[in-house]
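Just below is one structure, and these are the notes that go with it.
The values are calculated or read from the model by the stated rules, or taken from the named source; none is laboratory data. Worth saying up front: this structure is predicted, and the values here are computed from it rather than measured. Glycine also receives a Cβ, built like all others from the backbone with ideal geometry; neighbour counts cover every protein chain displayed.
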Amino acid sequence: MIILKSERDLEAMRPACTVAARILAEVAEFIQPGVTTGEVDDYAASLMKAYGAKSAFLGYRKYPCHTCISVNDQVVHGLAGSRKLLFGDIVSVDVGVIHNGFIGDNARTVAVGGCNPAAQRLMDVTEKSLYEGIAQARPGRRVVDISRAVQRFVESHGYSVVREFVGHGVGRTMHEEPQIPNFVDGKSSPKLRPGMTLAIEPMVNAGAPDVKILKDGWTVVTRDASLSAHFEHTVLVTETEPEIMTCPQRTASRLKVSS
Ligand code: MF3
Ligand code: CO
């Protein structure tokens, strides 16, 4: 069952998404060569506290960190620890918080100091594929239209989309229906309706789509050790334009995405 959010729900959920977005932006600024992933996670935890929010990830199926920090060939769900970030690394930071009883979930991949053009291009294509998907988030379309838009964009640039992990509905819990694959899976696909809140999150590999999970039980890496990038927004389907709920600027003027 897909849970449609009322205007009252959205009044509570918007601040949760804004907090998630602000924390992600501040954590991205914090990342620089020499910082450990554990320090990044601690910094995120301190911001959550300061904003009166809680991590949506910590304790979820015993997940041990406040955020997911995934470096280079790590795709998603990277565990924070003693690893030092080096100039040229690319790091996916995934921040999900609970605030006002609702969850805001977002992620982006950033370069540590700087990176080579190939890594930059992978990040750019992945971010743009997210916006291609978001542009489909409107009534009259189906979830598969989001999936197709992401997959087409990514594959037309010579990259691949991960199959084993998908985007999801989000609200009072982190994972609601529907699942939002980043590829066309041929299954029946729900119609999009106003009030749906969707976490759209392309995971894009420079090489083959195949992934595996490390012995820590969480960290997802590419099988061929190629680089991977990940971007995510929480998006509201409205009667008209999609509303990017995890866009901090939305507080100033609502960000519109054209189809
Ligand atoms: N944004 C990710 C997701 O939607 C983060 C979940 S990490 C977990 O699945 F540890 F909480 F599972
Ligand atoms: Co998510």
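Could you list, in sequence order, all residues of region 198-219 that are surrounded by 24 or more Cβ atoms within 10 Å (Cβ to Cβ) and more than 14 Å from ligand 1 (Cβ to nearest atom)?
Within region 198-219, the subset surrounded by 24 or more Cβ atoms within 10 Å (Cβ to Cβ) is 198-205.
Matches in region 198-219: Val204, Asn205.
Among the residues of region 55-73, those that are within 16 Å of ligand 2 (Cβ to nearest atom), in contact (Cβ under 8 Å) with a residue 24 or more places away in the chain and not in a helix (DSSP H, G or I) comprise Ser55, Ala56, Phe57, Tyr63, Cys65, His66, Thr67, Cys68, Ile69, Ser70. The one condition from (1) within 16 Å of ligand 2 (Cβ to nearest atom); (2) under 17 Å from the mean Cα position of the chain (by Cα); (3) part of a helix (DSSP H, G or I) that Asp41 does not meet is (1). Within region 220-237, how many residues are touching a strand residue (DSSP E or B) at 6+ places or on another chain (Cβ under 6 Å), surrounded by 22 or more Cβ atoms within 10 Å (Cβ to Cβ) and in a loop (DSSP other than H, G, I, E, B)? Looking only at that region, the number is 1.
When you check Asp185 against the structure, is it within 25 Å of Leu79 (Cβ to Cβ) and either surrounded by fewer than 24 Cβ atoms within 10 Å (Cβ to Cβ) or in contact with a His (Cβ under 8 Å, 6 or more places away or on another chain) (or both), yes or no? For Asp185, the condition - within 25 Å of Leu79 (Cβ to Cβ) and either surrounded by fewer than 24 Cβ atoms within 10 Å (Cβ to Cβ) or in contact with a His (Cβ under 8 Å, 6 or more places away or on another chain) (or both) - is not met. Within region 171-185, residues that are more than 22 Å from Glu132 (Cα to Cα) and away from ligand 2 (no atom under 13 Å from the Cβ) sit with their Cβ atoms under 9 Å from residues that are modelled with pLDDT of 95 or more and outside any strand (DSSP E or B), at 6+ positions apart or across chains, in these pairs: Arg172/Ile3; Arg172/Asp9; Arg172/Met13; Arg172/Gly101. All conditions in (1) out of contact with any Leu (no Cβ under 8 Å at 6 or more places or on another chain); (2) touching a residue at least 24 places away in the same chain (Cβ under 8 Å) hold for Thr234, with the sole exception of (1). Restricting attention to region 43-62, the residues that are closer than 19 Å to Ser82 by Cβ and either surrounded by 16 or more Cβ atoms within 10 Å (Cβ to Cβ) or aliphatic (A, V, I, L, M) (or both) add up to 4. Does Arg14 satisfy being among the basic types (Lys, Arg), surrounded by fewer than 23 Cβ atoms within 10 Å (Cβ to Cβ) and either within 16 Å of ligand 2 (Cβ to nearest atom) or farther than 22 Å from Leu214 by Cα (or both)? It is true that Arg14 is among the basic types (Lys, Arg), surrounded by fewer than 23 Cβ atoms within 10 Å (Cβ to Cβ) and either within 16 Å of ligand 2 (Cβ to nearest atom) or farther than 22 Å from Leu214 by Cα (or both). Which condition number does Lys128 fail, the rest of (1) within 15 Å of ligand 2 (Cβ to nearest atom); (2) closer than 19 Å to Ile90 by Cβ being met? Status for Lys128: all satisfied but (1).
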